[in-house]
Amino acid sequence: MSHLIPIVEFAKRLVQHHHISATIFIPTTGTPPKSLVSVLESLPENIHHQFLQPVNVDGLPKDVRVEFVVSFIMQASLSSLRDALSCLKSKTKLVALVFDMFAHASMEVAKEFNLFNFLCCPLSAMALSFTFTLPKLDEETVGEYKDLPYPVQVPGSVSFHGPELMAPVQVRTDEVYKEYLLLSKRLSLVDGIMVNSFEELEQDTILALPGGTPIYPIGPLIRSEPSNGSDWHECLKWLDDQPSGSVLFVSFGSGGALSLEQIHELAHGLEMSSHRFLWILRSPNKVSFASVFTDSSQNDPLGFLPEGFLARTVNRGLVLPSWGPQIEILSHEATGGFLTHCGWNSTLESIVHGVPMIAWPLYAEQHMNAKMMTESLCLALRLEMDENGIFRKEEIEKVVKELMEGDEGKKISKRLKELKTAAMRALSIGGSSMESLSKLVLQLN
Ligand code: UDP
(Lines give C-alpha, C1' and ligand atoms only; values in the text may rest on other atoms or scores of the structure.)
Protein backbone atom coordinates (compact mmCIF):
# COMPACT_ATOMS: atom_id res chain seq x y z
CA MET A 1 0.00 0.00 0.00
CA SER A 2 2.67 2.47 1.00
CA HIS A 3 4.44 1.99 -2.33
CA LEU A 4 1.27 1.86 -4.40
CA ILE A 5 -0.22 5.08 -3.05
CA PRO A 6 2.55 7.45 -4.22
CA ILE A 7 2.46 5.85 -7.70
CA VAL A 8 -1.34 6.18 -7.82
CA GLU A 9 -1.27 9.79 -6.67
CA PHE A 10 1.53 10.61 -9.11
CA ALA A 11 -0.53 9.10 -11.94
CA LYS A 12 -3.55 11.15 -10.86
CA ARG A 13 -1.61 14.41 -10.98
CA LEU A 14 -0.12 13.50 -14.33
CA VAL A 15 -3.42 12.73 -16.02
CA GLN A 16 -5.23 15.60 -14.35
CA HIS A 17 -2.77 18.31 -15.31
CA HIS A 18 -1.04 17.01 -18.41
CA HIS A 19 -3.40 14.99 -20.61
CA ILE A 20 -1.39 11.83 -20.32
CA SER A 21 -3.04 8.52 -19.60
CA ALA A 22 -1.58 5.91 -17.29
CA THR A 23 -1.83 2.19 -16.66
CA ILE A 24 -0.72 0.78 -13.32
CA PHE A 25 0.59 -2.79 -13.30
CA ILE A 26 0.45 -4.57 -9.98
CA PRO A 27 2.35 -7.76 -9.25
CA THR A 28 0.46 -10.14 -6.96
CA THR A 29 0.67 -13.47 -5.21
CA GLY A 30 -3.05 -14.21 -5.48
CA THR A 31 -6.14 -12.37 -4.34
CA PRO A 32 -5.10 -8.79 -3.59
CA PRO A 33 -6.06 -7.26 -0.22
CA LYS A 34 -9.36 -5.39 -0.09
CA SER A 35 -7.69 -2.14 0.94
CA LEU A 36 -5.59 -2.24 -2.22
CA VAL A 37 -8.51 -3.07 -4.48
CA SER A 38 -10.54 -0.20 -3.04
CA VAL A 39 -7.73 2.25 -3.90
CA LEU A 40 -7.57 0.94 -7.48
CA GLU A 41 -11.32 0.90 -7.97
CA SER A 42 -11.58 4.56 -7.06
CA LEU A 43 -9.16 5.63 -9.82
CA PRO A 44 -10.34 8.16 -12.40
CA GLU A 45 -11.32 6.86 -15.85
CA ASN A 46 -8.06 7.68 -17.60
CA ILE A 47 -5.99 5.63 -15.16
CA HIS A 48 -6.23 1.92 -15.78
CA HIS A 49 -4.89 -0.86 -13.67
CA GLN A 50 -3.97 -4.42 -14.37
CA PHE A 51 -2.87 -7.20 -12.03
CA LEU A 52 0.08 -9.17 -13.39
CA GLN A 53 0.06 -12.99 -13.34
CA PRO A 54 0.05 -14.15 -9.69
CA VAL A 55 3.45 -15.35 -8.49
CA ASN A 56 3.71 -18.48 -6.39
CA VAL A 57 5.83 -17.82 -3.29
CA ASP A 58 5.06 -21.11 -1.55
CA GLY A 59 8.51 -22.48 -2.34
CA LEU A 60 10.32 -19.67 -0.52
CA PRO A 61 11.71 -20.46 2.92
CA LYS A 62 9.35 -19.28 5.66
CA ASP A 63 11.96 -17.17 7.48
CA VAL A 64 12.95 -15.16 4.43
CA ARG A 65 12.83 -11.37 4.75
CA VAL A 66 9.83 -9.50 3.40
CA GLU A 67 11.97 -7.31 1.13
CA PHE A 68 13.35 -10.47 -0.46
CA VAL A 69 9.84 -11.79 -1.05
CA VAL A 70 8.82 -8.52 -2.72
CA SER A 71 11.92 -8.49 -4.95
CA PHE A 72 11.28 -12.12 -5.86
CA ILE A 73 7.70 -11.31 -6.85
CA MET A 74 8.86 -8.35 -8.93
CA GLN A 75 11.49 -10.40 -10.75
CA ALA A 76 9.06 -13.23 -11.40
CA SER A 77 6.51 -10.73 -12.78
CA LEU A 78 8.78 -9.37 -15.51
CA SER A 79 7.59 -11.68 -18.28
CA SER A 80 3.99 -10.92 -17.41
CA LEU A 81 4.88 -7.21 -17.54
CA ARG A 82 6.40 -7.71 -20.99
CA ASP A 83 3.19 -9.35 -22.21
CA ALA A 84 1.06 -6.59 -20.73
CA LEU A 85 3.19 -3.88 -22.33
CA SER A 86 3.12 -5.61 -25.74
CA CYS A 87 -0.64 -5.69 -25.55
CA LEU A 88 -0.84 -2.04 -24.49
CA LYS A 89 1.60 -0.98 -27.20
CA SER A 90 -0.72 -2.34 -29.86
CA LYS A 91 -3.44 0.06 -28.64
CA THR A 92 -1.65 3.20 -27.57
CA LYS A 93 1.58 5.18 -27.83
CA LEU A 94 3.81 4.27 -24.90
CA VAL A 95 6.23 6.89 -23.63
CA ALA A 96 7.62 5.92 -20.26
CA LEU A 97 7.77 3.19 -17.68
CA VAL A 98 7.67 4.44 -14.11
CA PHE A 99 8.68 1.90 -11.51
CA ASP A 100 8.78 1.59 -7.76
CA MET A 101 12.08 1.01 -5.93
CA PHE A 102 11.34 -2.67 -5.51
CA ALA A 103 10.71 -2.99 -9.24
CA HIS A 104 14.01 -1.64 -10.56
CA ALA A 105 14.53 -4.83 -12.56
CA SER A 106 11.82 -3.52 -14.89
CA MET A 107 14.41 -1.03 -16.21
CA GLU A 108 15.47 -3.76 -18.63
CA VAL A 109 11.92 -4.04 -19.88
CA ALA A 110 11.73 -0.27 -20.42
CA LYS A 111 14.86 -0.52 -22.58
CA GLU A 112 13.44 -3.38 -24.63
CA PHE A 113 10.35 -1.29 -25.37
CA ASN A 114 12.41 1.82 -25.99
CA LEU A 115 10.70 3.73 -23.19
CA PHE A 116 11.95 6.37 -20.79
CA ASN A 117 12.50 4.80 -17.41
CA PHE A 118 11.69 6.70 -14.25
CA LEU A 119 11.95 5.70 -10.64
CA CYS A 120 9.09 6.77 -8.41
CA CYS A 121 10.79 6.90 -5.01
CA PRO A 122 8.19 6.58 -2.24
CA LEU A 123 10.78 7.60 0.36
CA SER A 124 12.12 10.93 1.58
CA ALA A 125 14.84 12.88 -0.24
CA MET A 126 17.03 11.99 2.76
CA ALA A 127 16.58 8.24 2.17
CA LEU A 128 17.18 8.78 -1.54
CA SER A 129 20.33 10.77 -0.77
CA PHE A 130 21.56 7.92 1.43
CA THR A 131 20.84 5.43 -1.37
CA PHE A 132 22.94 7.51 -3.78
CA THR A 133 25.89 7.30 -1.36
CA LEU A 134 25.60 3.54 -0.82
CA PRO A 135 27.93 2.36 -3.65
CA LYS A 136 30.76 4.50 -2.24
CA LEU A 137 30.01 3.47 1.34
CA ASP A 138 30.03 -0.16 0.22
CA GLU A 139 33.45 0.23 -1.38
CA GLU A 140 34.96 1.98 1.61
CA THR A 141 33.56 -0.21 4.38
CA VAL A 142 34.90 -3.47 5.73
CA GLY A 143 32.42 -5.49 7.80
CA GLU A 144 28.91 -4.44 8.77
CA TYR A 145 27.75 -0.82 8.91
CA LYS A 146 26.41 -1.40 12.42
CA ASP A 147 30.03 -1.76 13.59
CA LEU A 148 31.26 1.46 12.00
CA PRO A 149 33.04 3.58 14.63
CA TYR A 150 31.81 6.80 13.00
CA PRO A 151 28.38 7.95 11.83
CA VAL A 152 27.40 7.99 8.16
CA GLN A 153 26.69 11.53 6.95
CA VAL A 154 23.83 11.76 4.48
CA PRO A 155 24.53 14.68 2.14
CA GLY A 156 22.29 17.62 2.96
CA SER A 157 20.76 15.87 5.97
CA VAL A 158 21.61 14.28 9.31
CA SER A 159 24.23 11.65 10.11
CA PHE A 160 23.33 8.16 11.25
CA HIS A 161 25.04 5.54 13.34
CA GLY A 162 25.22 2.16 11.62
CA PRO A 163 22.31 0.52 13.52
CA GLU A 164 20.04 3.47 12.59
CA LEU A 165 20.51 2.90 8.85
CA MET A 166 17.64 1.39 6.88
CA ALA A 167 16.93 -2.32 7.36
CA PRO A 168 17.94 -3.47 3.84
CA VAL A 169 21.57 -2.47 4.44
CA GLN A 170 22.00 -4.03 7.88
CA VAL A 171 23.40 -7.40 6.78
CA ARG A 172 25.81 -7.04 3.88
CA THR A 173 25.92 -10.74 3.05
CA ASP A 174 22.13 -10.86 2.73
CA GLU A 175 20.39 -11.00 -0.66
CA VAL A 176 18.29 -8.02 0.41
CA TYR A 177 21.45 -5.92 0.74
CA LYS A 178 22.75 -7.02 -2.67
CA GLU A 179 19.43 -6.09 -4.21
CA TYR A 180 19.44 -2.64 -2.55
CA LEU A 181 23.04 -2.04 -3.61
CA LEU A 182 22.07 -2.90 -7.18
CA LEU A 183 19.24 -0.39 -6.99
CA SER A 184 21.65 2.26 -5.64
CA LYS A 185 24.00 1.67 -8.58
CA ARG A 186 21.12 1.95 -11.01
CA LEU A 187 20.06 5.38 -9.74
CA SER A 188 22.51 7.09 -12.06
CA LEU A 189 21.21 5.10 -15.05
CA VAL A 190 17.54 6.06 -14.91
CA ASP A 191 16.10 8.93 -16.93
CA GLY A 192 14.74 10.63 -13.84
CA ILE A 193 13.63 10.14 -10.25
CA MET A 194 10.40 11.38 -8.73
CA VAL A 195 10.74 11.72 -5.00
CA ASN A 196 7.83 11.95 -2.60
CA SER A 197 8.92 15.13 -0.91
CA PHE A 198 8.81 18.87 -1.49
CA GLU A 199 11.37 21.64 -1.54
CA GLU A 200 10.00 23.46 1.49
CA LEU A 201 10.42 20.31 3.59
CA GLU A 202 13.80 18.98 2.48
CA GLN A 203 15.39 21.76 0.48
CA ASP A 204 18.99 21.23 1.65
CA THR A 205 18.84 17.52 0.97
CA ILE A 206 17.25 17.96 -2.44
CA LEU A 207 19.95 20.48 -3.40
CA ALA A 208 22.66 18.09 -2.19
CA LEU A 209 21.46 15.21 -4.40
CA PRO A 210 24.02 14.42 -7.10
CA GLY A 211 23.65 16.16 -10.46
CA GLY A 212 23.26 14.04 -13.57
CA THR A 213 20.01 12.19 -12.99
CA PRO A 214 17.10 14.66 -13.09
CA ILE A 215 15.34 14.71 -9.72
CA TYR A 216 11.70 15.72 -9.46
CA PRO A 217 10.35 16.43 -5.96
CA ILE A 218 6.64 16.07 -6.62
CA GLY A 219 5.24 15.51 -3.14
CA PRO A 220 3.64 15.36 -0.77
CA LEU A 221 1.84 12.54 -2.58
CA ILE A 222 -0.68 11.20 -0.09
CA ARG A 223 -3.95 9.35 -0.63
CA SER A 224 -6.65 11.76 -1.68
CA GLU A 225 -9.67 9.43 -1.83
CA PRO A 226 -11.62 8.63 1.34
CA SER A 227 -11.25 5.07 2.64
CA ASN A 228 -14.07 2.56 2.37
CA GLY A 229 -15.23 0.56 5.37
CA SER A 230 -18.46 0.60 7.28
CA ASP A 231 -16.92 -0.06 10.72
CA TRP A 232 -14.81 3.04 10.38
CA HIS A 233 -17.71 5.47 10.54
CA GLU A 234 -17.96 4.45 14.16
CA CYS A 235 -14.48 5.76 14.95
CA LEU A 236 -15.04 8.98 13.01
CA LYS A 237 -18.32 9.47 14.87
CA TRP A 238 -16.44 8.89 18.11
CA LEU A 239 -13.95 11.55 17.07
CA ASP A 240 -16.84 13.95 16.36
CA ASP A 241 -17.68 13.79 20.06
CA GLN A 242 -14.17 14.66 21.28
CA PRO A 243 -12.89 18.21 21.89
CA SER A 244 -10.76 19.85 19.21
CA GLY A 245 -7.09 18.74 19.20
CA SER A 246 -7.59 16.46 22.20
CA VAL A 247 -7.00 12.98 20.75
CA LEU A 248 -3.68 11.21 20.31
CA PHE A 249 -3.81 8.89 17.30
CA VAL A 250 -1.65 5.78 17.72
CA SER A 251 -0.79 3.66 14.70
CA PHE A 252 2.16 1.74 13.29
CA GLY A 253 1.44 1.69 9.56
CA SER A 254 0.34 -1.19 7.42
CA GLY A 255 2.71 -3.79 8.86
CA GLY A 256 3.94 -2.67 12.26
CA ALA A 257 3.27 -4.83 15.28
CA LEU A 258 4.60 -4.66 18.84
CA SER A 259 5.59 -7.36 21.29
CA LEU A 260 3.04 -8.26 23.98
CA GLU A 261 5.22 -6.59 26.63
CA GLN A 262 5.42 -3.42 24.57
CA ILE A 263 1.64 -3.39 23.98
CA HIS A 264 1.15 -3.49 27.74
CA GLU A 265 3.64 -0.67 28.39
CA LEU A 266 1.95 1.44 25.72
CA ALA A 267 -1.51 0.76 27.14
CA HIS A 268 -0.40 1.72 30.66
CA GLY A 269 1.45 4.78 29.37
CA LEU A 270 -1.64 6.00 27.52
CA GLU A 271 -3.77 5.36 30.56
CA MET A 272 -1.36 7.22 32.87
CA SER A 273 -1.15 10.21 30.49
CA SER A 274 -4.90 10.87 31.04
CA HIS A 275 -5.17 12.01 27.42
CA ARG A 276 -7.72 10.86 24.90
CA PHE A 277 -6.47 8.33 22.34
CA LEU A 278 -7.48 6.39 19.26
CA TRP A 279 -5.29 3.32 18.86
CA ILE A 280 -5.10 0.99 15.87
CA LEU A 281 -3.97 -2.22 17.50
CA ARG A 282 -2.49 -5.25 15.80
CA SER A 283 -1.90 -8.61 17.45
CA PRO A 284 1.56 -8.91 19.00
CA ASN A 285 4.47 -10.33 17.12
CA LYS A 286 8.15 -10.79 17.89
CA VAL A 287 9.03 -9.45 14.46
CA SER A 288 7.92 -5.85 14.07
CA PHE A 289 7.14 -6.24 10.35
CA ALA A 290 4.38 -8.67 11.04
CA SER A 291 1.19 -8.58 9.20
CA VAL A 292 2.10 -7.82 5.64
CA PHE A 293 2.16 -11.40 4.46
CA THR A 294 0.48 -13.13 7.35
CA ASP A 295 -3.13 -12.84 8.27
CA SER A 296 -3.23 -11.87 11.91
CA SER A 297 -7.01 -11.51 11.86
CA GLN A 298 -7.42 -14.99 13.42
CA ASN A 299 -6.47 -13.39 16.72
CA ASP A 300 -8.54 -10.60 18.18
CA PRO A 301 -5.91 -7.91 18.89
CA LEU A 302 -8.06 -6.42 21.66
CA GLY A 303 -7.64 -9.65 23.62
CA PHE A 304 -3.96 -8.77 24.13
CA LEU A 305 -4.64 -5.57 26.07
CA PRO A 306 -4.02 -5.49 29.83
CA GLU A 307 -6.87 -6.76 31.98
CA GLY A 308 -9.56 -4.10 32.49
CA PHE A 309 -7.82 -1.53 30.24
CA LEU A 310 -10.76 -1.01 27.88
CA ALA A 311 -13.20 -0.59 30.76
CA ARG A 312 -10.96 1.89 32.59
CA THR A 313 -10.41 4.06 29.51
CA VAL A 314 -13.88 3.72 28.01
CA ASN A 315 -14.66 7.41 28.34
CA ARG A 316 -11.55 8.69 26.66
CA GLY A 317 -10.08 5.98 24.48
CA LEU A 318 -11.02 3.89 21.47
CA VAL A 319 -9.06 0.88 20.24
CA LEU A 320 -9.67 -0.39 16.70
CA PRO A 321 -8.39 -3.79 15.62
CA SER A 322 -5.77 -3.86 12.83
CA TRP A 323 -6.75 -1.09 10.40
CA GLY A 324 -8.40 2.33 10.44
CA PRO A 325 -9.09 5.26 8.09
CA GLN A 326 -5.82 7.04 8.84
CA ILE A 327 -6.23 10.04 6.54
CA GLU A 328 -9.71 10.75 7.86
CA ILE A 329 -8.45 10.44 11.43
CA LEU A 330 -5.49 12.74 10.84
CA SER A 331 -7.65 15.32 9.12
CA HIS A 332 -10.25 15.26 11.89
CA GLU A 333 -10.51 18.36 14.05
CA ALA A 334 -10.31 16.29 17.26
CA THR A 335 -6.90 14.76 16.43
CA GLY A 336 -4.13 16.65 18.18
CA GLY A 337 -1.18 14.27 18.04
CA PHE A 338 0.10 11.18 16.24
CA LEU A 339 2.22 8.46 17.79
CA THR A 340 3.66 7.02 14.59
CA HIS A 341 6.14 4.43 13.39
CA CYS A 342 7.44 7.13 11.02
CA GLY A 343 6.69 5.32 7.78
CA TRP A 344 7.19 7.99 5.14
CA ASN A 345 3.54 8.03 4.05
CA SER A 346 2.34 8.41 7.61
CA THR A 347 4.90 11.15 8.21
CA LEU A 348 3.78 13.09 5.13
CA GLU A 349 0.12 12.59 6.01
CA SER A 350 0.77 14.03 9.45
CA ILE A 351 2.62 17.01 7.95
CA VAL A 352 -0.11 17.69 5.39
CA HIS A 353 -2.70 17.72 8.18
CA GLY A 354 -0.48 19.65 10.59
CA VAL A 355 -0.51 16.98 13.32
CA PRO A 356 2.48 16.95 15.75
CA MET A 357 4.16 13.57 16.09
CA ILE A 358 5.82 11.22 18.55
CA ALA A 359 8.37 9.03 16.75
CA TRP A 360 8.27 5.29 17.43
CA PRO A 361 10.25 3.75 14.57
CA LEU A 362 10.13 -0.02 13.99
CA TYR A 363 11.73 -1.18 10.71
CA ALA A 364 12.62 -0.28 7.10
CA GLU A 365 14.02 3.29 7.00
CA GLN A 366 11.83 4.47 9.89
CA HIS A 367 14.73 5.02 12.31
CA MET A 368 16.24 7.40 9.76
CA ASN A 369 12.93 9.20 9.27
CA ALA A 370 12.49 9.42 13.04
CA LYS A 371 15.91 11.00 13.51
CA MET A 372 15.27 13.49 10.73
CA MET A 373 11.86 14.35 12.20
CA THR A 374 13.12 14.78 15.76
CA GLU A 375 16.63 16.21 15.30
CA SER A 376 16.70 18.03 12.02
CA LEU A 377 13.15 19.13 11.20
CA CYS A 378 11.86 19.27 14.81
CA LEU A 379 8.41 18.00 13.87
CA ALA A 380 8.28 15.13 16.35
CA LEU A 381 9.23 14.22 19.89
CA ARG A 382 11.31 11.14 20.52
CA LEU A 383 10.91 8.39 23.11
CA GLU A 384 13.90 6.95 24.97
CA MET A 385 14.15 3.18 25.22
CA ASP A 386 15.33 1.41 28.35
CA GLU A 387 18.36 -0.90 28.29
CA ASN A 388 16.16 -3.80 27.13
CA GLY A 389 14.94 -1.93 24.07
CA ILE A 390 11.48 -1.24 25.53
CA PHE A 391 9.63 2.08 25.75
CA ARG A 392 8.41 2.06 29.33
CA LYS A 393 5.02 3.38 30.47
CA GLU A 394 6.54 6.29 32.44
CA GLU A 395 8.44 7.47 29.35
CA ILE A 396 5.33 7.12 27.19
CA GLU A 397 3.25 9.05 29.73
CA LYS A 398 5.85 11.84 29.90
CA VAL A 399 6.24 12.25 26.14
CA VAL A 400 2.49 12.05 25.44
CA LYS A 401 1.90 14.81 28.01
CA GLU A 402 4.71 16.92 26.51
CA LEU A 403 3.24 16.58 23.03
CA MET A 404 -0.38 17.20 23.99
CA GLU A 405 0.07 19.95 26.59
CA GLY A 406 3.77 20.95 26.89
CA ASP A 407 5.85 23.75 25.34
CA GLU A 408 7.68 21.39 22.99
CA GLY A 409 4.34 20.19 21.64
CA LYS A 410 3.26 23.79 21.06
CA LYS A 411 6.49 24.60 19.18
CA ILE A 412 6.06 21.56 16.94
CA SER A 413 2.45 22.47 16.34
CA LYS A 414 3.39 25.98 15.25
CA ARG A 415 6.06 24.73 12.88
CA LEU A 416 3.64 22.18 11.43
CA LYS A 417 1.04 24.85 10.73
CA GLU A 418 3.61 26.63 8.56
CA LEU A 419 4.62 23.43 6.79
CA LYS A 420 1.02 22.45 6.18
CA THR A 421 0.56 25.72 4.30
CA ALA A 422 3.86 25.17 2.46
CA ALA A 423 2.74 21.68 1.42
CA MET A 424 -0.51 23.05 0.02
CA ARG A 425 1.41 25.76 -1.82
CA ALA A 426 3.86 23.22 -3.31
CA LEU A 427 0.94 21.35 -4.85
CA SER A 428 -0.98 24.31 -6.15
CA ILE A 429 -0.55 25.83 -9.63
CA GLY A 430 2.90 27.42 -9.80
CA GLY A 431 4.01 25.66 -6.60
CA SER A 432 7.37 23.87 -6.42
CA SER A 433 6.05 20.30 -6.83
CA MET A 434 3.68 21.25 -9.64
CA GLU A 435 6.56 22.96 -11.44
CA SER A 436 8.63 19.82 -10.99
CA LEU A 437 5.87 17.76 -12.55
CA SER A 438 5.74 20.13 -15.53
CA LYS A 439 9.51 19.78 -16.00
CA LEU A 440 9.14 16.03 -15.98
CA VAL A 441 6.47 16.21 -18.67
CA LEU A 442 8.76 18.46 -20.74
CA GLN A 443 11.41 15.75 -20.54
CA LEU A 444 8.88 13.25 -21.89
CA ASN A 445 8.10 15.35 -24.95
N1 UDP B 1 -2.85 3.13 6.75
C2 UDP B 1 -4.20 3.29 6.93
N3 UDP B 1 -4.78 2.69 8.01
C4 UDP B 1 -4.08 1.96 8.90
C5 UDP B 1 -2.68 1.82 8.72
C6 UDP B 1 -2.11 2.43 7.65
O7 UDP B 1 -4.90 3.94 6.15
O8 UDP B 1 -4.66 1.47 9.86
C9 UDP B 1 -2.21 3.77 5.59
C10 UDP B 1 -1.55 5.07 5.99
O11 UDP B 1 -2.47 6.14 5.90
C12 UDP B 1 -0.41 5.17 5.01
C13 UDP B 1 -0.04 3.73 4.75
O14 UDP B 1 -1.16 2.95 5.11
O15 UDP B 1 -0.83 5.76 3.81
C16 UDP B 1 1.17 3.28 5.55
O17 UDP B 1 2.31 3.77 4.95
P18 UDP B 1 3.63 4.14 5.74
O19 UDP B 1 4.66 4.52 4.73
O20 UDP B 1 3.35 5.14 6.77
O21 UDP B 1 4.04 2.85 6.52
P22 UDP B 1 4.27 1.32 6.09
O23 UDP B 1 2.95 0.71 6.01
O24 UDP B 1 5.01 1.32 4.79
O25 UDP B 1 5.08 0.80 7.21
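Values as computed for the structure displayed
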quantity	calculated
Pairs with Cβ under 7 Å, 6+ apart, first in the range 416-445 and without any contact (Cβ under 8 Å) to a residue 60 or more places away in the chain, second in a helix (DSSP H, G or I) and open to solvent by less than 50 Å² (accessible area, probe 1.4 Å)	S428/M434
Boolean, L134 is away from the ligand (no atom under 16 Å from the Cβ) and open to solvent by less than 10 Å² (accessible area, probe 1.4 Å)	yes
Contacts under 7 angstrom Cβ, first residue in the range 321-337 being among the aliphatic types (A, V, I, L, M), partner modelled with pLDDT of 95 or more and part of a helix (DSSP H, G or I), 6 or more apart	I327/E349; I329/L239; L330/E349; L330/S350; A334/L239
Hey, S230 modelled with pLDDT under 90 and farther than 22 Å from G389 by Cβ or not	yes
Filter pass, L381 being farther than 20 Å from S2 by Cα and in contact with a strand residue (DSSP E or B) (Cβ under 6 Å, 6 or more places away or on another chain)	yes
Evaluation of Q298 against (1) at pLDDT below 90; (2) more than 16 Å from the ligand (Cβ to nearest atom); (3) surrounded by 18 or more Cβ atoms within 10 Å (Cβ to Cβ) (one fails), failing number	(3)
Members of the range 411-431 found to be assigned to a helix (DSSP H, G or I) and out of contact with any Pro (no Cβ under 7 Å at 6 or more places or on another chain), listed by number	K411, K414, R415, K417, E418, L419, K420, T421, A422, M424, R425, A426
Test for A105: is it among the small types (G, A, S) and at pLDDT 95 or above	no
Subset of the range 355-376 [within 25 Å of K417 (Cβ to Cβ) and hydroxyl-bearing (S, T, Y)]	T374, S376
Conditions (1) surrounded by fewer than 23 Cβ atoms within 10 Å (Cβ to Cβ); (2) on the phi > 0 side of the Ramachandran plot: number failed by G303	(2)
Flag for I20 being surrounded by 17 or more Cβ atoms within 10 Å (Cβ to Cβ), among the β-branched types (V, I, T) and either within 22 Å of M194 (Cα to Cα) or touching a helix residue (DSSP H, G or I) at 6+ places or on another chain (Cβ under 6 Å) (or both)	no
Hits in the range 164-189 - residues which are under 24 Å from F10 (Cα atoms), surrounded by fewer than 18 Cβ atoms within 10 Å (Cβ to Cβ) and either aliphatic (A, V, I, L, M) or without any contact (Cβ under 8 Å) to a residue 24 or more places away in the chain (or both)	L189
Single unsatisfied condition, M424 versus (1) aliphatic (A, V, I, L, M); (2) buried (at least 21 other Cβ atoms within 10 Å of the Cβ); (3) out of contact with any His (no Cβ under 9 Å at 6 or more places or on another chain)	(2)
S224 within 16 Å of the ligand (Cβ to nearest atom), more than 27 Å from R316 (Cβ to Cβ) and open to solvent by less than 30 Å² (accessible area, probe 1.4 Å)	no
Qualifying residue in the range 379-400 (condition: at positive phi and within 17 Å of the chain's Cα centre (by Cα))	no
Residue under evaluation V319, criteria (1) of a type in the set (A, V, I, L, M); (2) away from the ligand (no atom under 13 Å from the Cβ); (3) not in a loop (DSSP other than H, G, I, E, B), criterion not met	(2)
Output for the range 244-266, where each listed residue is open to solvent by 20 Å² or more (accessible area, probe 1.4 Å) and either near the ligand (Cβ under 10 Å from one of its atoms) or part of a strand (DSSP E or B) (or both)	S254
Among (1) out of contact with any Gly (no Cβ under 7 Å at 6 or more places or on another chain); (2) under 30 Å from D63 (Cβ atoms), the one test that G192 misses	(2)
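The values are calculated or read from the model by the stated rules, or taken from the named source; none is laboratory data. Bear in mind the structure is a predicted one, so any value in this text is a computation, not a measurement. Heads up, the Cβs are rebuilt from the backbone with ideal geometry, glycines too, and the neighbour counts pull from every protein chain shown. SASA here: full protein model, heavy atoms, side chains in, ligands and nucleic acids out. Shrake-Rupley method; radii C 1.70, N 1.55, O 1.52, S 1.80 Å.
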